[in-house]
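Novice: Sharing a structure below in structure tokens format, with a few things to ask.
The values are calculated or read from the model by the stated rules, or taken from the named source; none is laboratory data. Since the structure is predicted, the reported quantities are computational estimates derived from the model, not experimental observations. As a convention, Cβ positions derive from the backbone with ideal geometry for all residues, glycine included, and neighbour counts pool all protein chains shown. Heads up: the accessible areas ignore ligands, DNA and RNA and are worked out on the full protein's heavy atoms, side chains in. Shrake-Rupley method; radii C 1.70, N 1.55, O 1.52, S 1.80 Å.
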Amino acid sequence: MRRKLVVGNWKMHGSHAANAELLAGVLAAKPYLADVAMCVPFPYLSEVAVALTGSHLLWGAQDVSAHEQGAYTGEVSSTMLAEFGCRYAIVGHSERRACHNETDQLVADKAKAALAHGVTPIVCVGETLAQREAGETEMVVKRQLSAVIHTLTHCIGEIVVAYEPVWAIGTGRTATPEQAQEVHALLRKQLHAATPHAGGMRLLYGGSVKPDNAAALFAQPDIDGGLIGGASLKAGDFVAICRAAA
Ligand code: PGA
């Protein structure tokens, strides 16, 4: 039985005051039957670590450099994330693929750099609306995952995968549980061909997950939790989604 995982992705939102209020609300609702983590903007890692240390909540970052150290202005390495107690780093989010031209190979290299220092990468894959309408969903998500499989080789079983159809992110338009399950099953099959550990890997769904649709998504056989954007900024909504993952 895979334990469910719910990860909040704050994106570029937050302030000292808002973070404190949000975390207090989420912490007050303990305990959860699922693993719960918050992936926060880099500057807040320190205060989030202080707030969550000793609690049942984990934390992480929304990106990581593919490099160890050096002249990479603006980048943050996985050794730095590890020093701040990060358990997870999101890599290859569609917003980074689209706005920062991240390639499949760069995403794979970032995942490798994270794993090298004990930070579990949450590797995002997903098709755009145009790709879905052109019947390319399977080809696109398999290509994205394939780069990671080839780069991580025998370590592939240690990552978390998040299927996030781009057309469902922040749009209020969720994939139906059946649409999401169909892609999750494809990804699980691809992982089975690459590792004996595929059956234990967690595959998250992301894209307009809300309290009213979370339970139906999480009930699908290959959906092991969610990557939550907008709803992770409201304590009540996020708590309800975590409870749906029991
Ligand atoms: P959303 O974002 O829940 O706001 O759609 C999900 C994500 O981008 O990870």
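Novice: Taking R0 as 22 Å, what's the FRET efficiency between Thr73 and Thr103 from their Cβ-Cβ distance, rounded to 0.05?
Specialist: On the way: r = 20 Å, r/R0 = 0.91.
FRET efficiency, Thr73 to Thr103: 0.65.
Novice: To the nearest 10 Å², what's Ser78's accessible area with a 1.4 Å probe?
Specialist: About 0 Å², ignoring ligands and nucleic acids.
Novice: Tell me the per residue accessible area of the chain using a 1.4 Å probe; a whole number in Å² is fine.
Specialist: Per-residue accessible area for the chain comes out at 44 Å².
Novice: Right, next: Accessible area of segment 122-246 with a 1.4 Å probe: how many percent of it is carbon plus sulfur?
Specialist: 55 percent
Novice: How much length is gained if the chain between Ala28 and Glu47 is pulled fully straight, taking 0.36 nm per residue apart and subtracting their Cα-Cα distance, in nm to one decimal?
Specialist: Roughly 5.1 nm would be gained on extension.
Novice: Computed over the Cα atoms, what is the radius of gyration of segment 5-244 divided by 2.2 N^0.38 Å, N being its residue count?
Specialist: Against the compact-globule rule of thumb, the ratio is 0.94.
Novice: Which of Arg173, Arg202, Arg188 moves the most in a Gaussian network model of the chain with Cα springs under 10 Å?
Specialist: The residue that fluctuates most here is Arg173.
Novice: A follow-up question, please. Determine the sum of side-chain charges near Val64: Lys and Arg each +1, Asp and Glu each -1, restricted to other residues whose C-beta is under 14 angstrom from that of Val64. Don't jump to the answer; show the numbers that get you there.
Specialist: Numbers: positive: Arg87, Arg96, Lys110, Lys112; negative: Asp63, Glu68, Glu75, Glu83, Glu102, Asp109.
Around Val64, the charge tally is -2.
Novice: What is the total of Lys pairs in the chain with C-alpha atoms under 17 Å apart, excluding same-chain pairs fewer than 8 positions apart? Working shown, then result.
Specialist: Values: Lys4/Lys30; Lys4/Lys210; Lys11/Lys210; Lys11/Lys234; Lys30/Lys234; Lys142/Lys189; Lys210/Lys234.
Going through the chain pair by pair, I get 7.
Novice: Place +1 on the Cβ of every Lys and Arg and -1 on the Cβ of every Asp and Glu in the chain, take the dipole about the Cα centre, and give the residue among Gly157, Val6, Ala219 whose Cα lies farthest towards its positive end.
Specialist: Farthest towards the positive pole: Ala219.
Novice: Any idea of Tyr32's accessible area? Nearest 10 Å², probe 1.4 Å.
Specialist: Counting only protein heavy atoms, Tyr32 exposes about 20 Å² to solvent.
Novice: Work from the charge dipole of segment 5-244 (Cβ charges, +1 for Lys and Arg, -1 for Asp and Glu, about the Cα centre) and give the residue of His16, Ile122, Val239 farthest towards its positive end.
Specialist: Most positive-ward Cα: Val239.
Novice: A further question on this structure: Rounded to the nearest 20 Debye, what is the dipole magnitude of the chain about its Cα centre when Lys and Arg each give +1 and Asp and Glu each give -1 at the C-beta?
Specialist: 460 debye
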